[in-house]
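*Asks:* Below is one structure. I have some questions about it.
The values are calculated or read from the model by the stated rules, or taken from the named source; none is laboratory data. Please read all numbers here as calculations on a predicted model, not as lab measurements. Neighbour counts run over all protein chains shown; Cβ positions are idealised from the backbone, glycine included. Ligands, DNA and RNA are excluded from the accessible area calculation, which covers all protein heavy atoms including side chains. Shrake-Rupley method; radii C 1.70, N 1.55, O 1.52, S 1.80 Å.
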Amino acid sequence: MNVYLDSKKMKMANGKLNAFKRIVSNKIVRTLASLVLIAGGMTLSPKKLNSYETGTMKEQSIHPLLVDKLEKYAQIPKSIYFDTDEVKKGTINEDSPEDAYVRAFNHFTHNLKGFSSSIEWALNPELQSDYPFGDHSWPRVVDTYQQNSEIGYDFGFIYHLIADLTSPAHVHQDIHPFYDSYESWTDKHKGEIMDLVEKPSQTPKFDTLEELMEDLGDFTRNNFSSDDAWGDSLNGLYKTDYGNKQYWVKTIDAKEVRILRRSFFLNFRDDDCFRDQWSALGTKAVVYGLAALKLLTKNGTCTPDCNSKWCGDDDGCGGFCQNCGAGFHCVDNNYCASNCQPDCNGKECGDNGCGGSCGNCYDDQKCQSGKCVSLGEFNGKDNGDGTVTDLNTGLIWQKETGGKKTWEGAILYCKSLPLAGYSDWVLPKIDELRTLIVGCPATEPGGSCEVVDGCGTKCPGAEGSCKIGCALNEGPSNGCYMDSLLDNNCQHYWSSSIDMSETDRAWRLHFDMGLMYPDQKYGEYYVRCVINKD
């Protein structure tokens, strides 16, 4: 589409577009870009450069559709006017669809050559003033709200920038002038994927828009990659089967997200990967839009009021009073109750799973794996078949180490171990593995280190006695903190217990110091399998 520009705007547009051409280093892409620019009358289609297609008011696409979700979950009080159509129009015009399309060059998290970062662009009225549609920066949004208690057209421009931070291409500086697989998929499936945007349980609080945008950009950058940027976001992946398909997945916000489909020749993203990615990122776009509304109303004329409420979905200004935290839910918009149901099935002592107790042991006993056992160190019996039984716990142990393996390799090794006529070997839980510790009181069962299966790094002692253990190579068994009846290979051993604070890590035990610490699952450590006949 050819458009008429006065000389000032044409000079500015030419300068910005020339800067863009300098960024495109690949000779073939540069040539194609030049042909498109010539054929388009010095224009570049915004949907090819920008995060998600914005559409029009007649045919809405990603940004305007996200506004509908934002309004649905915002709980806007009657004292504040939220003009949905004007907000949508602002999200569309932030891409300058009727002009030289130059606003979009400022939508990346780091400065492209000749342009500002999206945060600078959002906060600086002077940067925006010479562009099509003029200044719609955050200071203008705040000023409009303070004068009229209205959230409308100006806010739409800012919400577009917030949503752009959920596009991996925009946080990885992947310019994508012609195509981005994730954005192309979301545009193609826009009619169905809005149902994947989840209702937020709570809205994060920020002191500034800059802090909000940096936090959202970091989330997208650290968890997802774009077509031309595959790097740190692949950290923490592990393999999982979905039916007859296998995926590389990552746990994000306590939810398993499929990142790549595994195949014989290469890994790739299929519809399920894109769907999981959109569910996480689309939800974040709405959650951080709500956070921006909360920040706006906090800085404006509305004063949030949660004094009479412990929690709830309305602070009087369109935000939330929820502060129950993980593991709790809000009852009657007023008080927090635990989601936890106590479970003492098969246990005579220890934690009931909700912070309470399943019972106490006698003074000459200790609680071990939910059972009261006699105090004392490992009480082993060599069975003469490559196994050792701990008479205190009833656990049957593989006598020889299984060598070094990754965490997944250790689990599979035990699962397929054909030892002593048993076929139900497993990788021990951390509270089972620690029963092998001798001579290190802090980390022996019943010691000050309270790490058990299902524990995170916030468990009592996890950053103290559990991590410190005892003096290096001064254990009672030739310097090792492991009974010599076992092969006494004084190394670092995997447990099957995942670190619930960071689920890409699992707990391991160092028998040279008697300490416990979680590590990345791709690390290679020793394995000793166990059978619990109880």
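*Asks:* Read through the list (1) assigned to a loop (DSSP other than H, G, I, E, B); (2) within 23 Å of Asn235 (Cβ to Cβ); (3) modelled with pLDDT of 85 or more, then give the number of the only condition that Thr457 fails.
*Replies:* (3)
*Asks:* Any residue that is under 30 Å from Gly355 (Cβ atoms) and touching a residue at least 40 places away in the same chain (Cβ under 8 Å) - is there at least one of those in the stretch 416-424?
*Replies:* no
*Asks:* Go through the residues of the stretch 74-85 one by one and say whether even a single one is of a type outside the set (Gly, Ala, Ser), modelled with pLDDT under 80, open to solvent by less than 40 Å² (accessible area, probe 1.4 Å) and over 24 Å from Leu127 (Cβ atoms).
*Replies:* Among the residues of the stretch 74-85, at least one is of a type outside the set (Gly, Ala, Ser), modelled with pLDDT under 80, open to solvent by less than 40 Å² (accessible area, probe 1.4 Å) and over 24 Å from Leu127 (Cβ atoms), which makes the answer yes.
*Asks:* Can you name every residue in the stretch 199-209 that is in contact with a helix residue (DSSP H, G or I) (Cβ under 7 Å, 6 or more places away or on another chain) and open to solvent by less than 80 Å² (accessible area, probe 1.4 Å)?
*Replies:* If the condition is that a residue be in contact with a helix residue (DSSP H, G or I) (Cβ under 7 Å, 6 or more places away or on another chain) and open to solvent by less than 80 Å² (accessible area, probe 1.4 Å), then Pro200, Thr203, Pro204, Phe206, Leu209 are the ones that fit.
*Asks:* I've got another one for you. Among the residues of the stretch 137-167, how many are open to solvent by less than 10 Å² (accessible area, probe 1.4 Å), outside any helix (DSSP H, G or I) and not β-branched (Val, Ile, Thr)?
*Replies:* So the count comes out to 4.
*Asks:* Among the residues of the stretch 168-198, write down those that are closer than 23 Å to Ser117 by Cβ, open to solvent by 30 Å² or more (accessible area, probe 1.4 Å) and under 20 Å from the mean Cα position of the chain (by Cα).
*Replies:* His172
*Asks:* Something else now. Taking the condition under 28 Å from the mean Cα position of the chain (by Cα) and outside any loop (DSSP other than H, G, I, E, B), does Ser497 pass?
*Replies:* Judged against the criteria, Ser497 is a match.
*Asks:* Here is a follow-up. Just wondering, is there one or more residues in the stretch 97-107 that are within 30 Å of the chain's Cα centre (by Cα) and β-branched (Val, Ile, Thr)?
*Replies:* No.
*Asks:* Let me confirm something: among Thr389, Thr393, which residue is hydroxyl-bearing (Ser, Thr, Tyr), modelled with pLDDT of 85 or more and either outside any loop (DSSP other than H, G, I, E, B) or more than 28 Å from the chain's Cα centre (by Cα) (or both)?
*Replies:* Result: Thr389 is the single residue among Thr389, Thr393 that is hydroxyl-bearing (Ser, Thr, Tyr), modelled with pLDDT of 85 or more and either outside any loop (DSSP other than H, G, I, E, B) or more than 28 Å from the chain's Cα centre (by Cα) (or both).
*Asks:* Specify which of the listed residues (Glu444, Glu432) is open to solvent by less than 30 Å² (accessible area, probe 1.4 Å), acidic (Asp, Glu) and within 20 Å of Asn392 (Cα to Cα).
*Replies:* Glu432
*Asks:* Another question about this same structure. Taking only pairs six or more apart or across chains, which ones have beta-carbon atoms under 7 Å, a first residue in the stretch 448-460 that is small (Gly, Ala, Ser), and a second residue that is at pLDDT 80 or above and open to solvent by 50 Å² or more (accessible area, probe 1.4 Å)?
*Replies:* Short answer, once both residue conditions are applied: Gly454/Met500; Gly456/Met500; Gly456/Ser501.
*Asks:* Continuing with the same structure: Specify the residue that is most open to solvent (accessible area, probe 1.4 Å); the eligible residues are those in the stretch 237-260 that are assigned to a strand (DSSP E or B) and of a type in the set (A, V, I, L, M, F, W, C).
*Replies:* Looking at the filtered set, the residue picked out is Trp248.
*Asks:* So which of Cys361, Cys367, Cys414 is modelled with pLDDT of 95 or more and either surrounded by 19 or more Cβ atoms within 10 Å (Cβ to Cβ) or part of a loop (DSSP other than H, G, I, E, B) (or both)?
*Replies:* Result of the check over Cys361, Cys367, Cys414: Cys414.
*Asks:* Identify all residues within the stretch 385-429 that are touching a Cys at 6+ places or on another chain (Cβ under 7 Å) and aliphatic (A, V, I, L, M); write none if there are none.
*Replies:* Listed by number, the residues that qualify are Leu417, Val426, Leu427.
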